[in-house]
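The values are calculated or read from the model by the stated rules, or taken from the named source; none is laboratory data. Since the model is a prediction, treat every value here as computed from it, not as a measurement. Virtual Cβ from ideal backbone geometry, glycine too; neighbours counted across all protein chains shown. Please note that ligands, DNA and RNA were not included when accessible areas were found on the heavy atoms of the full protein model with its side chains. Shrake-Rupley method; radii C 1.70, N 1.55, O 1.52, S 1.80 Å.
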Amino acid sequence: MAELSVAELQTKAPSRARRLSLRRRARPGEAVIRTILLGSGVLSIFTTVGIIVVLVSDALGFFLHPGVTLVKFFTDTVWAPEFGRYGILPLATATLITSLIALIIAVPLGLSAAIFLSEYASPRARGYLKPILELLAAIPTVVYGYFAVTFMTPLLRSIFGADVVDFYNMASAGIVMGFMIIPLVASVSEDALASVPRALREAALGLGATPLETSLRVVVPAATSGIAASIILAISRAFGETMIVLLAAGAGPNFTLNPFKAAETITGHIARISTGDISHEGMDFYSLFALGLVLFIMTLTLNLISRWFVKRFREVY
Amino acid sequence: MARSITEPTPQDFSAVELRGDASVRRRQVIARTGRGVLFFSLVLGLVALLTLFLNVFDKLGGYAVYAFKIDPLTITPSRPLEELSREELLALIEKHVPEDAKALIPEEYGAPLEELSNEDLVNILYNDTPSPETLTAKPLEALTREELIEVLQRNVTGTRFEQLQAERPLEQRTREELIELVEVEVLQRSVVWQWTLFESIFNRDAILAEIASRYPGSDYEFKWWLTPRFIASDQTTRPETTGLRPALLGSLLVVILSILFAVPIGVAAGIYLEEFAGKSRLGAIIQTNIYNLAGVPSIIYGMLGLAVFARALRDFTTGAAFGVPNPPPNGRTIITASLTMALLILPLIIVNTQEAIRAVPQALRDAALAVGATKWETVWHHVLPVAAPGILTGTILATARALGETAPLIVVGAAAYVTMDPQGIFSSYTVLPIQIYTWTKLPEQIFTRVASAAVVVLLVTVLAINLTAIILRNRLRKQI
Amino acid sequence: MAEVRFSVPKQSSAGGADNAVPSVKMLLEDVSVFYGTFRALAGVNMPVYEHHITAIIGPSGCGKSTLIRTLNRMNDTVDGARVEGRVLLDGEDIYAPDVDPAIVRRRVGMVFQKPNPFPKSIFENVAFGIWLYNKRISRSELSDRVEIALKRAALWDEVKDKLKQLGTSLSGGQQQRLCIARAIAVEPEVLLMDEPASALDPISTMKIEELMLDLKRDYTIVIVTHNMQQAARVSDYTAMMMMRPDRAGELIEFDRTEIIFTNPKDKRTADYVSGRFG
Ligand SMILES: Nc1ncnc2c1ncn2[C@@H]1O[C@H](COP(=O)(O)OP(=O)(O)OP(=O)(O)O)[C@@H](O)[C@H]1O
Ligand SMILES: [Mg+2]
């Protein structure tokens, strides 16, 4: 093709002399698309609304039942709907005990791992370890449940004796839940530690502090709110975890503080009861939603607090 | 430490040598110990998780001792004793009648053995052997292929026979395969005891000795649970014959459908929040809402699904409204599970989409806007193509999540015993993690070995999917 | 009408083709810009003359980019940005409620400080804008238009054999000329350039300057620059901006370039252009 000059080209493809009007054009397609995008965003609100409506309305079916009072719900130590006893305490204590055990495992280990990763590990080591943490966080919880039943429980029973440790017990579930939560604590705290400015570290090191003093006295305090967020998130996660406790903690409500005894948690109870061919009416069914509502309020509160902490450390740096 | 800052005297300088005094050295020791403790806890965490993997693999195989629940000779072809010749009868008596009974024969029948009639000989066999019917039965190993197939046909149920035929026509199987089939299906050859994988590897001799003393003459082998047969078979009630196929297909359907529901909506919501919501109040509300949804325990989604999809919309989710016959009870269908799972992964997809879109440089948007593109044209032609790999990464992560989630599906009702493949979106179903749960929960210990095979399948799939996503994302980070 | 504080240019003493009084292409009337509550620009009044190059100079942070981005509603993309006053394009206010910002940008094109080619082929980079407003354009006409634009941007010879290559694979100077080609391909009436050469080497800078002088015949050009020589070399008019104590930018002087550089009325302008300031 022969080379054409700009002028020749312009005669071949004349530009539009007419000036475009500035007036807004009708773009019906875009209006539709905008509506769809907005609708998709709003749908997520419907999910929340749906959760709240479902939990509250069916929980009302429970709380309005003549045999149930709020006081009894929170103070009775027996949960036996078939005998008209509706005390959340046995389920709640089991949830608290398993979660507490999990935190005792996960917080020190997860935090130490985070400090090591952010303050000591070489960039190369971090490059390998962080994805490993992520992979571990991705292990389905039913696998942890399997681990609790087939490894942790026999181990505990062989250490403390089969007469001390029940086959289903809260300790096994709690410990394994702790393992499950380590990656969560580690990665959220690591984010917080990593966002502490370098200058602060260098200032401390420059004053002659050892790396340990720098990380424990300077970096960790500076990242407190992020670390707090990770711990609260871990609590929320432990409260809501189902499969591990369902498999390993126990198959019936039991009001006990002994971690070696079997006791069912709130989530475990909801899951176990709905496994059977439960009828979609009646107290059994409604009571599940009352439990679900309590669980939802607890985890939502914790998540809000944790987000507040996260926001705070974002604001500082 | 708390000394006030004054001009250092010359002594101060001389006191701090480069190698440090005792207090400095003590601090250094503490520092090194502290570092060690931190490192140790990281290692401890990793070891705990390594134990998890090893434990699963430990259950995957090992030496197993078998026993037949049914005597093989009772099911193989045999001839009635009445049809046997005199020599054959005498030989059987010689072989099977105990010596003390033999000694009593002349007294009982009034004549020595050699002089008795055939009829008497048959009677002797009936009276003095423990299982006279099986005396002439051929051992399993002596049967021809045709005979083996006939044995199968006579002794398993019609549906099971058809299932086996469907897996692979019996005519095409080798004689060894047929014998094994008869042993497993008809004789109910089952594992009486199995050692773990590591025991079997490291304690092999001790185990073989124990087999010889505790289970003399019994049949044993090194048994793996994760086999192609296991992956490809229907679910049954026996650990030796059960399989994973319905669960695999169920998982596949649920994951694909939930991704199909959640990805378009999630990506659209992500686009809205990043590109169109601006600082609007509605945008802020949606954003907060999504962060909160991401923290809602998965079992709560199960309750939402139970109340909305399985109960309120039951006629639609079972297909009854569309005239589908025999809907499963309580709305326990693939579609219920998929919708529930879609809601669960929606926040994950939205947040990942937002991150991917946020990573697209503003300069690119400016470039498109500056030639007169509208906001949507900019997003569609320039932002989305650049954000696509990031969005894909998010989708992959969501897939892994949907594959491994168990609790919500238990609540919406997947745990029923399902032997067959899902037949469509209105079919009842089981999924991989539910299958693991069910098997682990069964009282027979040997099912935990079956579960280990399913765990390995689930773990490998989920970790492979996640690894893909991580690699993809790290590539992207390098590019930007 | 707001009070106009700039001196209406007299006929050019340089004579020649420039003798006629240039017509006003764009006019800023008492324009203030806010980022949230922060006022970045305070009451700017200024004309942009057709087929001339107007340079905006001033110390860093005084609101030059803010001002030039106001001319094609680019600031709409910034959350919380708000414009007061009027910006006229051929007598029409581009901030009037029924105006389509996409069409404003169509008519007032822009080249940015950092070259920002699309991560697509060179051809697609230039063709995208053309195609947007003429989706049924034939392939051959599209190629012709792309070729025109690349030639006018003095890039054609360097890229004609690799139109399918990624625009991002070019050198910085080439990328910037690609961005110019992309901007002029849609035949805007005004071309805004925010420090178009600041990220480039001297040779590329020179090429871009030559290009501007060439493009002046067909376009009206507004350029922000920190380079006084550049402003003096290429521009016909110069706007001098400063930051007030409250950090809001204001226009302190607007005049023909040679007057700004030789005989400014404001002492601060004199200090700035002679390098005694900022
Ligand atoms: N998106 C924004 N949001 C808030 N403030 C902004 C934003 N963009 C610019 N500003 C502020 O407006 C003022 C003017 O900025 P502008 O970028 O217009 O300056 P400039 O003259 O172009 O500076 P430079 O010569 O460094 O490019 C500055 O104080 C800046 O901090
Ligand atoms: Mg600028």
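Answer yes if at least one residue in segment B:295-311 is without any contact (Cβ under 8 Å) to a residue 40 or more places away in the chain and more than 8 Å from chain A (Cβ to nearest Cβ), and no otherwise.
No; the residues of segment B:295-311 include none that is without any contact (Cβ under 8 Å) to a residue 40 or more places away in the chain and more than 8 Å from chain A (Cβ to nearest Cβ).
Restricting to segment C:113-148, what's the tally of residues that are more than 16 Å from ligand 1 (Cβ to nearest atom), within 22 Å of the chain's Cα centre (by Cα), within 8 Å of another protein chain (Cβ to nearest Cβ) and closer than 15 Å to B:Asp366 by Cα?
The qualifying residues number 4.
Please determine, by comparing only the residues of segment C:62-74 that are within 8 Å of ligand 1 (Cβ to nearest atom) and not β-branched (Val, Ile, Thr), which one is nearest to C:Met242 (Cα to Cα).
Only one residue fits best here, namely C:Cys62.
Does B:Pro216 qualify as being over 30 Å from B:Leu164 (Cα atoms) and not assigned by TED's automatic domain parsing to the domain that holds B:Ala337?
yes
Test C:Val24 against the criterion of being open to solvent by 30 Å² or more (accessible area, probe 1.4 Å) and more than 16 Å from ligand 1 (Cβ to nearest atom), and give yes or no.
Judged against the criteria, C:Val24 is a match.
Considering C:Arg69, C:Arg86, which residue is open to solvent by 30 Å² or more (accessible area, probe 1.4 Å), under 14 Å from the mean Cα position of the chain (by Cα) and either within 16 Å of ligand 2 (Cβ to nearest atom) or farther than 30 Å from C:Asp144 by Cα (or both)?
C:Arg69
Output the residue which, of all residues in segment C:69-100 that are within 8 Å of chain B (Cβ to nearest Cβ) and in a helix (DSSP H, G or I), is farthest from B:Val360 (Cα to Cα).
C:Met74
Report the residue count in segment C:27-61 for those that are more than 13 Å from ligand 1 (Cβ to nearest atom), among the polar types (S, T, N, Q) and open to solvent by less than 10 Å² (accessible area, probe 1.4 Å).
Qualifying residue count for the region: 1.
Looking at (1) open to solvent by 80 Å² or more (accessible area, probe 1.4 Å); (2) under 17 Å from B:Arg189 (Cβ atoms), can you tell me which one B:Glu99 breaks?
(2)
Would you point out which residue out of A:Gly268, A:Gly226, A:Gly282, A:Gly276 is at pLDDT below 90 and open to solvent by less than 20 Å² (accessible area, probe 1.4 Å)?
Sole residue among the options that is at pLDDT below 90 and open to solvent by less than 20 Å² (accessible area, probe 1.4 Å): A:Gly226.
Here are some residues: A:Ala199, A:Ala192. Which one is open to solvent by 30 Å² or more (accessible area, probe 1.4 Å) and among the small types (Gly, Ala, Ser)?
A:Ala199
Taking helices (runs of 4 or more DSSP H) that do not extend beyond segment B:348-441, which have at least 2 residues that are under 18 Å from B:Ile256 (Cα atoms) and polar (S, T, N, Q)?
B:384-404
Please determine whether any residue of segment C:248-266 is open to solvent by less than 10 Å² (accessible area, probe 1.4 Å) and within 15 Å of ligand 2 (Cβ to nearest atom).
Looking for residues that are open to solvent by less than 10 Å² (accessible area, probe 1.4 Å) and within 15 Å of ligand 2 (Cβ to nearest atom), one finds at least one in segment C:248-266, hence yes.
Please work out if A:Phe255 is in the same structural domain as A:Val164 (by TED's automatic domain parsing), among the hydrophobic types (A, V, I, L, M, F, W, C) and in contact with a Pro (Cβ under 7 Å, 6 or more places away or on another chain).
yes
Of B:Gly250, B:Gly266, B:Gly302, B:Gly295, which residue is open to solvent by less than 10 Å² (accessible area, probe 1.4 Å) and closer than 27 Å to A:Ser287 by Cβ?
B:Gly302
Select from segment A:30-56 the residues that are under 13 Å from B:Ala269 (Cβ atoms), within 22 Å of the chain's Cα centre (by Cα) and more than 7 Å from chain B (Cβ to nearest Cβ) and list them in ascending order.
If the condition is that a residue be under 13 Å from B:Ala269 (Cβ atoms), within 22 Å of the chain's Cα centre (by Cα) and more than 7 Å from chain B (Cβ to nearest Cβ), then A:Phe46 is the only one that fits.
For segment C:176-233, give me each residue that is surrounded by fewer than 18 Cβ atoms within 10 Å (Cβ to Cβ) and either of a type in the set (Val, Ile, Thr) or within 14 Å of chain A (Cβ to nearest Cβ) (or both).
If the condition is that a residue be surrounded by fewer than 18 Cβ atoms within 10 Å (Cβ to Cβ) and either of a type in the set (Val, Ile, Thr) or within 14 Å of chain A (Cβ to nearest Cβ) (or both), then C:Ile203, C:Asp214, C:Arg217, C:Asp218 are the ones that fit.
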